[in-house]
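A short reminder: the numbers here are calculations on the coordinates, not readings from a lab. Here the structure is a predicted model, which means the values were calculated and not measured. Here the Cβ is made from the backbone with ideal geometry for all residues, glycine too, and neighbour counts use every protein chain on show.
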Amino acid sequence: MIAEDSVLLREGLTRLLTERGHEVVAAVGDAEALLVAVGELAVGAGGLPDVVVADVRMPPTHTDEGVRAAVELRRRYPGLPVVVLSQYVEERYASDMIAASTRGVGYLLKDRVADVREFVDAVCRVAEGGTALDPEVVAQLLGRSRRQDVLAALTPREREVLELMAQGRTNAAIAQRLVVSAGAVEKYVGAIFLKLGLAPSQGDHRRVLAVLKYLEG
């Protein structure tokens, strides 16, 4: 499902996803219509959408209607995957989205839509319960984190790995980006979990919890 007030971008996103084999069950132009559309699907035979893609700013005030609707959807339907799109990095909104849940969440800048493959991959990753955070969003959020004690515990390379983890990258993708072996990445990830006090019993959630540790304060 898509919620975007710009007709051109809404139609463009619909066509982009449809051409790559995905069904767009609804495309609306404001936050209220988004809440209504999801609600109608929830009580219908089709059930909830696999993922919602919503603009941060929508009518009537074009401030935070979209992200507030996204957070409300997560409250009404826990686990509903949501990707929010923004023209700029708006730290408060990004923090709200990430803090609302550790799975199935994305925050991307609209410029990234131009990279069709990366955008579609990000939407699919969120639909499957993963995360997709724009690199610029991650950089700004980690940069302003008040958890200086934790930041100081990580090496520069471990911080690089954590930033790539926050973007939703797999260990293999991180290894390719940093030009290191997969084994080296596993060691970095293990060190990050250890320094952040994330026990093995917390399973795959540790990748997102590691990022959330930075955003607390």
Original post:
From the phi of every residue in region 55-72, what ³J(HN,Hα) in whole Hz does the Karplus formula 6.51 cos²θ - 1.76 cosθ + 1.60 yield, where θ is phi - 60° and glycine or proline is x?
Top reply: 6, 5, 10, 9, x, x, 9, 6, 10, 10, 4, x, 6, 5, 5, 4, 5, 5
**OP:** Could you list which residues have their amide H under 5 Å from that of Ala27, counting only those 5 or more apart in sequence or on another chain, with H placed in the peptide plane?
**Re:** Ile2
Original post:
Contour minus end-to-end for His62 and Glu136, with contour as 0.36 nm per residue of separation and end-to-end as the Cα-Cα distance?
Top reply: 24.4 nm
**OP:** With θ set to phi - 60°, apply the Karplus curve 6.51 cos²θ - 1.76 cosθ + 1.60 along region 73-84 and write out the HN-Hα couplings as whole Hz, x wherever there is a Gly or Pro.
**Re:** 4, 5, 6, 6, 10, x, x, 5, x, 9, 10, 9
Original post:
Taking H as built 1.01 Å from N, whose amide H comes closer than 5 Å to the amide H of Ala132, not counting residues under 5 places away?
Top reply: Val105, Gly106, Tyr107
Original post:
Using the count of nearby Cβ atoms within 10 Å as a rough guide to exposure, how do Arg117, Arg157 rank from fewest to most?
Top reply: Arg117, Arg157
Original post:
Given the Cα-Cα distance of Thr170 and Arg117 and 0.36 nm per residue of separation, how much length would full extension add, in nm?
Top reply: 17.5 nm
Original post:
Going by a ≥ b ≥ c, the root eigenvalues of the Cα gyration tensor, does region 1-99 fall in the rounded group (a/c under 1.5), the prolate group (a/b larger than b/c) or the oblate group?
Top reply: oblate
**OP:** Compute the length gained on full extension between Glu40 and Leu9: take 0.36 nm times their separation in residues and subtract their Cα-Cα distance, giving the result in nm to one decimal.
**Re:** 8.8 nm
Original post:
Applying the Karplus parametrisation 6.51 cos²θ - 1.76 cosθ + 1.60 with θ = phi - 60° to the phi angles of region 31-41, what ³J(HN,Hα) value in whole Hz is obtained for each residue in order, glycine and proline being reported as x?
Top reply: 5, 5, 5, 5, 4, 5, 5, 5, x, 5, 5
